[in-house]
Amino acid sequence: MTGARSEIERAAELLLKGGLVAFPTETVYGLGALACNDKAIGRVYVAKGRPGHNPLIAHVASRADAAVFADLDQRATALAERFWPGPLTLVLPLKVPAAVSPVMTAGLATVAVRVPAHPMARALLEAVELPVAAPSANRSGGISPTTAGHVVDELGDALDMVLDGGPCPVGIESTVVDLSAPDVAHILRPGGLDRTVIEACVGPIAATAANAPLRGPGMLARHYAPSHPLRLNATRVRPGEALLAFGPRPLEGAAHMLNLSPSGDLDEAARNLYAMLRDLDQRPVRAIAVMPIPARGLGEAIADRLGRGAVPAGSASAA
Ligand code: TXA
Ligand code: MG
C-alpha cells in the first residue's frame, strides 16, 4: 500500500510539473496531463496524433471540483449526483475559461467533465487537486487500451509514467451527454453507462440524427479501428477470417476465435471487446468477422465502436 501511495504521489508530481501520466479508469486507460497546462496538453495531441479540433475530457475528483469551472444546471446536478463517480461524461458550459487550456477544449465555449470511479484514478485526482485532461491512451483512431500493457505498446516512449491498475472493469469509454444547451440533451457517444438508466434519471434524451451537424467533434466516421477489416453481423465464417464470437453458439470454421461472452452477457462483452480485438488483429488473417450482438444495454456502445471500427480506411478519422 505504501508502494502504491508513493507511486500516486510521484504520478501527481509529474502531472503538476507538466508531465504525461497514463492511468487506469474504470472505462479505459487515460493519457493524463494537467488540464490548465497548454504545453502538456500540446504533448498529448502530438503523442496521440490527434487532430487539434477534437477536445479532451477534464477529469476531476468530485462534483464540487467540476462546479469550479463548469456550469451544472439542475439536470447536470441530478446526473452527477446519481452517476458520479462513474462512466459518464457531461458536456457543460465552460464557466471559468482560465481553469482549462483552450488547447484542451479546442477553443469551444463548453467543456467535457467526468469523475472516474477507479480507485487509482480517484487517488491521483485527489493528489493533484486540479483537473486532469485524459483522452484514451491510444494513437488517434485506434483501439482504446484496457490494460497498462496496451498503453505501453501504443505510447510507451511518449509517456513519463504509467500507473498499472490491472484490466479496466467496464472496458468501453464513458457515455458522453451534451447538456450545454438548456432545453435539450444529446448523447454524443454511447458508452459504459446505459442510456436507459440515464433517461430514467432525466427523461428522454434526443437522438442525434444521422445527418445532423457534427455535435461531438470526436464522433467522426472511422475510429476504434483494428488494422484488419471488420465484417459485422457475420452468420458464417469466410475462408481466412478470424472470428469475434458472442454467445453460447460460436460459428464454426475460424482459424482464430475469441468469444466476447459465451453466456451472452453484454457487460462481459464490453469488458473483453478491446483486448480481444487487439489480439485478433495480431493474427495472420484476412479479416475479423463479428457475430451479431444485441443493441440493448452496453450493446449500444459495443455496436457504435464496432460500426466505426468497420468503416474502411481512408475515411475521415478522429481520436
Ligand atoms: O471513458 C472515457 O471517457 C475515457 C477515459 C480515459 O476517461 N476518455 C476518453 O477520452 O474516451 P477521448 O478523448 O478518447 O474521448 C472524448 C470524447 C471525444 O469524442 C470528444 O470529441 C468528446 O469527448 N468531447 C470532449 N469535449 C467535448 C466538448 N466540449 N463538446 C463535445 N464533445 C466533446
Ligand atoms: Mg479515444
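Read the figures in this text as sums done on the coordinates, not as results from a lab. Bear in mind the structure is a predicted one, so any value in this text is a computation, not a measurement. Heads up, the Cβs are rebuilt from the backbone with ideal geometry, glycines too, and the neighbour counts pull from every protein chain shown.
Once you've got the GNM for the chain with C-alpha springs shorter than 10 Å, pick whichever of Gly107, Gly30, Gly18 has the biggest mean-square fluctuation.
Looking only at Gly107, Gly30, Gly18, the biggest GNM fluctuation is shown by Gly107.
Please report the relative contact order for region 132-197, taking Cα pairs under 8 Å with a sequence separation of at least 6, and give it as a percent rounded to a whole number.
That works out to 22 percent.
In the neighborhood of Arg238, defined by Cβ-to-Cβ distances under 11 Å, what is the net charge if each Lys or Arg adds +1 and each Asp or Glu adds -1?
Net charge in that neighbourhood comes out at +2.
Positive end of the charge dipole of the chain (Lys, Arg +1 and Asp, Glu -1 on Cβ, about the Cα centre): tell me which of Ala295, Gly240, Val100 has its Cα farthest that way.
Going by the Cα projections, it comes out as Gly240.
Which value in deg cm²/dmol, rounded to the nearest 500, describes the helix-derived mean residue ellipticity at 222 nm for the chain, given -39,500 (n - 2.57) per DSSP H run of n ≥ 4 and division by the residue count?
After summing the helix terms and dividing by residue count, I get -9000 deg cm²/dmol.
Using the Cα centre of region 230-318 as the reference point, and only Cβ charges (+1 on K/R, -1 on D/E), how large is the resulting charge dipole? Debye, rounded to the nearest 20.
280
So between Val184 and Asp71, what do we pick up on full extension, going 0.36 nm a residue minus the alpha carbon distance?
Contour length minus the Cα-Cα distance gives 39.2 nm.
Quick check: residue separation of Thr196 and Glu13 times 0.36 nm, minus the Cα distance between them. What number comes out in nm?
That pair, Thr196 and Glu13, stretches by 61.9 nm at full extension.
What does the charge dipole of region 2-202 about its Cα centre add up to, to the nearest 20 debye, if the Cβ of each Lys and Arg holds +1 and the Cβ of each Asp and Glu holds -1?
With Lys and Arg at +1 and Asp and Glu at -1, about 220 debye.
Cut-off 10 angstrom, C-alpha nodes, Gaussian network model of the chain. Which of Ala76, Ala133, Ala269 fluctuates the most?
Among Ala76, Ala133, Ala269, the largest GNM mean-square fluctuation belongs to Ala76.
Hey, if you put +1 on the Cβ of every Lys and Arg and -1 on every Asp and Glu Cβ in region 230-318, which of Met257, Leu306, Pro284 ends up farthest toward the positive end of that dipole?
Most positive-ward Cα: Pro284.
In debye, nearest 20: dipole of region 6-60 around its Cα centre with unit charges on the Cβ of K, R (+) and D, E (-)?
280
For Cα pairs less than 8 Å apart in space and 6+ apart in sequence, what is the mean separation divided by the residue count of the chain, i.e. the relative contact order in percent?
20
Going by Cα centres, region 274-314 and region 232-267 are how many Å apart?
11
Given a cut-off of under 8 Å on Cα pairs at least six residues apart, what relative contact order in percent is computed for region 120-274?
Answer for region 120-274 is 19 percent.
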